[in-house]
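Here is the structure we will look at.
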Amino acid sequence: MRIGIGSRDYYSVYDYEEGFKKIKSHGYDCVDYGDISNIDSDLYNLAGEEYCAFFKKVRESAEKSGIEIWQMHSVWPTVNFDKTEADRQKTTEYFIRQIEAAHYLDCGYFVLHPFMPFGYDVEGDYSFTFDANVDLLQKLIPYAEKWNVTLCVENLPFPNNPVSKVSEVKRLVHTVNHPRVKVCLDTGHANIFSSDIAADVRLLGDDLAALHVHDNSGWCDAHKIPYSGTIKWDEFLTALGEIGFNGCLNLESSIPIKMPEPYREEMRLSLAKLTREMVNKIK
């Protein structure tokens, strides 16, 4: 199984060449490309052939470094953009542009943050939120098919939000019922709802296509290093083996920015080694 990490932990938008080299030197196989999740990025000023050429150049740089762009982040946070029908249409257009970018990056998995029409952590109208996300996925499927990309709906960390729990994300995916629509399991988000992440893995089964791996204490989305919170990691890894998951164990853990060098670099190296050891435990 591959191991990967988020690109934003290693470089900013335009210094990706050195970033990919460092990611590879640390022992990773893949990257979760996050450079296009911010709609204020200059990348959104690109269009047509210029847009295509930029992402093809990024892909070539990754390939040259021996790194696979396995998955990528969508727009975040959608809560700023999806409170009205016009807002949701605009966000959908951002998603479509990003799916096209995934194609140029030769990236197979597009991690999708669900619509939050009533805000981050507001109950709102459950049925409305659920139906809005069904409609979103149905609109995106033709583009996923066109660009050969799998949409992976991510579970959220907000207890009062209708589409946050792993079970509800699974229900959403099954309601849409299309082979191009799967789930990205965020372990830290799931841990806010349940202390049994292994059960979440088994519940998802074949619907699980991507991972965001990080730890926390069970009440805050802290993006801690595995084994530094309350997640039972060995049970999680056993469950991945049971369902036959063979994708990428992708980290979304963060080394503290304030950590001085060279200790920050040493922690990065240790984190990569830990991730490889985790993969080696999967039977």
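What follows draws every value from the coordinates through simple rules; no lab data is involved. Not measured: the values here are computed from a predicted model. No Cβ is skipped: glycine too gets one built from the backbone with ideal geometry, and neighbour counts run over all protein chains shown.
A few points about this structure:
- Among complete DSSP H helices in the chain, those whose alpha-carbon atoms stretch at least 15 Å along the helix's long axis and whose mean Kyte-Doolittle hydropathy reaches -1.0 are 48-65, 126-147, 166-176, 233-243, 263-280.
- Mean sequence separation of contacting Cα pairs (under 8 Å, at least six apart), scaled by the length of region 145-223, corresponds to a relative contact order of 31 percent.
- Sites T230 and K273, calculated FRET efficiency, Cβ-Cβ separation with R0 25 Å, nearest 0.05: 0.65
- Here the peptides 56-64, 186-194 are ranked by packing, the mean other Cβ count within 10 Å, and the order with the highest first is 186-194, 56-64.
- Bridge type composition, the chain - antiparallel percent by DSSP, nearest 5: 5
- For a straight C-alpha distance cut-off of 27 angstrom, the lysines reachable from K224 (same-chain residues fewer than eight places away being disregarded) are K21, K22, K24, K165, K170, K182, K232, K258, K273, K281, K283.
- Value at 222 nm in deg cm²/dmol, rounded to 500, when DSSP H runs of n ≥ 4 in the chain each add -39,500 (n - 2.57): -14000 deg cm²/dmol
- Region 21-119: C-alpha gyration tensor shape, a/c 1.5 cut-off, then a/b vs b/c: prolate
- Taken about its Cα centre, the chain carries a charge dipole of roughly 600 debye when the Cβ of each Lys and Arg holds +1 and the Cβ of each Asp and Glu holds -1.
- The packing ranking of peptides 242-255, 167-180, highest mean first, is 242-255, 167-180, where packing means the average number of other beta carbon atoms within 10 angstrom of each residue.
- Long-range HN-HN contacts of D215 with modeled amide H, under 5 Å: H223, K224, I225
- Average Cα contact separation per residue, the chain, under 8 Å, 6 or more apart, as relative contact order %: 17
- Among residues other than K22 with Cβ under 11 Å from its Cβ, the summed charge is -2 (Lys and Arg +1, Asp and Glu -1).
- Two-site FRET efficiency, W219 against H174, from Cβ-Cβ distance with R₀ of 41 Å, rounded to 0.05: 0.90
- Label corresponding to Cα Rg over 2.2 N^0.38 Å when calculated from the structure given, among (1) 1.27; (2) 1.02; (3) 0.95: (3)
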